[in-house]
Amino acid sequence: MQGKRILLGITGGIAAYKIAFLIRLLKKSGAEVKCIMTPASSDFISPLVVSTLSENPVGIEFWNKDDGTWNNHVDYGLWADIFVIAPLTANTLSKMASGSCDNLLLATYLSMKSNTVIAPAMDLDMYAHPTTARNLTQLESDGVEIIPAEDGQLASGLEGTGRMAEPETIFSKIEDYFESRKDPKIKGKKVVITAGPTYENIDPVRFIGNHSSGKMGFAIAEKFLADGAEVVLVAGPTKLNLEAPGLKLLRVRSAEEMLAAVQAEWESCDYGVFSAAVADYRPADVAEQKIKKSDEEMSIRLIKNPDILKWAGDNKKDQILVGFALETNDLELNAQKKLNKKNLNFIVMNTLMDPGAGFGHDTNKISILDDHNNFKSFEKKSKKEVAKDIIDYLKNYNS
């Protein structure tokens with residue numbers, strides 16, 4: 001579940017203490033976790049524990065009176081890939097079924113853009129009551145997925161159905177949820193992604209490079225992996241790292257090394273997403289020893305680097321090839337030329353003129369132009385959200 005965004009809703013039942021174990025399972029799997037607690041749930045598990053384990057602040061009230069910040073239920077609903085409410089008490093179940101909205105958790109449920117999964121937990125007679133059955137049926141008809149309560153000893157001392165499913169069971173159901181929704185256009189496909197800068201040596205301590213951090217390429221790789229693809233990530237010098245099943249991470253330094261890595265993988269791949277900022281030129285001669293400062297001026301003769309993106313375009317068969325264009329002027333004109341010259345299926349454009357876009361940022365603002373002359377612009381988003389937009393475009397692309 002690498003990179004999946006799990007929103008956990010915790011209500012006021014004794015089983016809430018088990019959610020600490022579920023959070024740990026999710027984090028260990030590579031998922032991102034945010035949590036919303038009802039005020040009553042803090043009697044059963046500490047918000048500090050939940051925040052520490054999830055590595056994110058916990059939402060309880062709409063308004064954080066201590067620091068003056070607002071917990072936006074709409075943002076939660078947009079962020080999450082799935083909303084898992086566990087334990088779900090009879091009280092919150094009733095409110096969800098009737099559309100009541102008197103706390104942050106319920107407002108978020110009503111704002112969800114993706115699916116909600118619930119794990120009910122209550123005493124034996126409460127779970128068997130016709131009202132509970134009716135409310136569960138209502139939620140199921142509303143598209144909510146239910147992880148049934150289990151048999152066992154209950155907090156009241158009774159024994160029977162009503163125990164919240166164990167954290168391992170809930171975790172397995174979340175895994176199954178994502179597995180069942182993997183798009184066949186991505187699942188099992190091989191993708192070559194280039195990311196980061198290239199460095200072209202001048203001497204043993206100096207180089208020609210650029211400010212690319214590799215964040216965009218790594219975010220794209222992470223999203224492809226989450227969707228079930230086999231990913232070959234060819235990364236230039238960057239501080240970023242990624243470990244996940246299905247990932248082959250190749251570290252390179254120069255444009256020539258990046259080209260060689262791409263050439264070795266290209267024929268067997270289905271998609272290529274070339275986000276690396278490859279240096280256009282390299283020194284014709286690399287000094288074996290550090291160049292000492294002497295004259296007022298120094299000239300370095302540069303020669304053109306291999307064009308990795310053009311090579312891929314010239315040698316593609318059935319692959320879909322995606323390029324990137326970062327410009328400071330004439331964005332669409334330059335992108336159109338690059339799209340045609342390098343035989344791309346579509347090109348992702350951005351400009352340094354947009355605040356929060358380009359090198360080093362955690363956000364980006366892109367437009368996409370394809371070889372059918374379709375053009376689509378997107379708002380500024382996190383690079384993880386931008387990665388999703390790019391891959392969604394690829395899924396819907398028709399050559």
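The values are calculated or read from the model by the stated rules, or taken from the named source; none is laboratory data. This one's a predicted model, so the numbers in the text were calculated from it and none came from an experiment. Ideal geometry is used to build each Cβ from the backbone, glycine not excepted, and the neighbour counts take in all protein chains shown.
The residues of the range 51-63 that are in contact (Cβ under 8 Å) with a residue 40 or more places away in the chain and more than 22 Å from the chain's Cα centre (by Cα), listed by number, are 60, 61, 62. Taking the range 175-227 as the range and being small (Gly, Ala, Ser) and either farther than 30 Å from residue 282 by Cα or touching a Lys or Arg at 6+ places or on another chain (Cβ under 7 Å) (or both) as the test, the residues that pass are 180, 188, 219, 226.
Among the numbered conditions (1) touching a Cys at 6+ places or on another chain (Cβ under 8 Å); (2) on the phi > 0 side of the Ramachandran plot; (3) not aromatic (Phe, Trp, Tyr), the only one that residue 192 does not meet is (2). Scoring residue 99 on the criteria (1) free of Cβ contacts under 8 Å to residues at least 40 places away in the same chain; (2) at negative phi; (3) surrounded by fewer than 21 Cβ atoms within 10 Å (Cβ to Cβ) leaves a single failure, condition (2).
Condition first: surrounded by 13 or more Cβ atoms within 10 Å (Cβ to Cβ), modelled with pLDDT of 95 or more and either among the aromatic types (Phe, Trp, Tyr) or not assigned by TED's automatic domain parsing to the domain that holds residue 214 (or both). Can you find one or more residues in the range 335-344 that meet it? No: the range 335-344 contains no residue that is surrounded by 13 or more Cβ atoms within 10 Å (Cβ to Cβ), modelled with pLDDT of 95 or more and either among the aromatic types (Phe, Trp, Tyr) or not assigned by TED's automatic domain parsing to the domain that holds residue 214 (or both).
For first residues located in the range 339-364 and in contact (Cβ under 8 Å) with a residue 40 or more places away in the chain and on the phi > 0 side of the Ramachandran plot, partners that are surrounded by fewer than 17 Cβ atoms within 10 Å (Cβ to Cβ) and not aliphatic (A, V, I, L, M) and lie 6+ apart or on another chain with Cβ distances below 7 Å form the pairs 360/211. Identify the single condition in (1) surrounded by fewer than 17 Cβ atoms within 10 Å (Cβ to Cβ); (2) assigned to a loop (DSSP other than H, G, I, E, B) that residue 263 does not satisfy, given that it satisfies every other one. Condition (2) is where residue 263 drops out.
What pairs come up if the first residue lies in the range 371-390 and is within 12 Å of residue 350 (Cβ to Cβ), the second is modelled with pLDDT of 90 or more and part of a helix (DSSP H, G or I), and their beta carbons are under 6 Å apart, counting only those six or more places apart or on different chains? Final answer for the pair search is 378/389; 383/215; 383/216; 383/219.
Residues checked against (1) of a type in the set (S, T, N, Q); (2) over 30 Å from residue 265 (Cα atoms):
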| site | (1), (2) |
| --- | --- |
| 134 | no, yes |
| 151 | no, yes |
| 156 | yes, yes |
| 179 | no, no |
| 185 | no, no |
| 191 | no, no |
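Only one entry of 137, 161, 116 meets the criterion of being under 21 Å from residue 174 (Cα atoms), surrounded by 13 or more Cβ atoms within 10 Å (Cβ to Cβ) and among the hydroxyl-bearing types (Ser, Thr, Tyr), and that entry is 116.
Taken over the range 141-157, residues that are modelled with pLDDT under 90 and of a type in the set (A, V, I, L, M) amount to 2.
Would the range 235-248 turn up any residue that is crowded, with 19+ Cβ neighbours inside 10 Å and at pLDDT 95 or above?
Keep residues of the range 235-248 that are crowded, with 19+ Cβ neighbours inside 10 Å, which gives 235-236, 242.
After this cut, where a residue has to be at pLDDT 95 or above as well, the list is 235-236.
Checked the range 235-248: at least one residue is crowded, with 19+ Cβ neighbours inside 10 Å and at pLDDT 95 or above.
Do we have residue 315 as more than 25 Å from residue 202 (Cα to Cα) and touching a residue at least 40 places away in the same chain (Cβ under 8 Å) here?
yes
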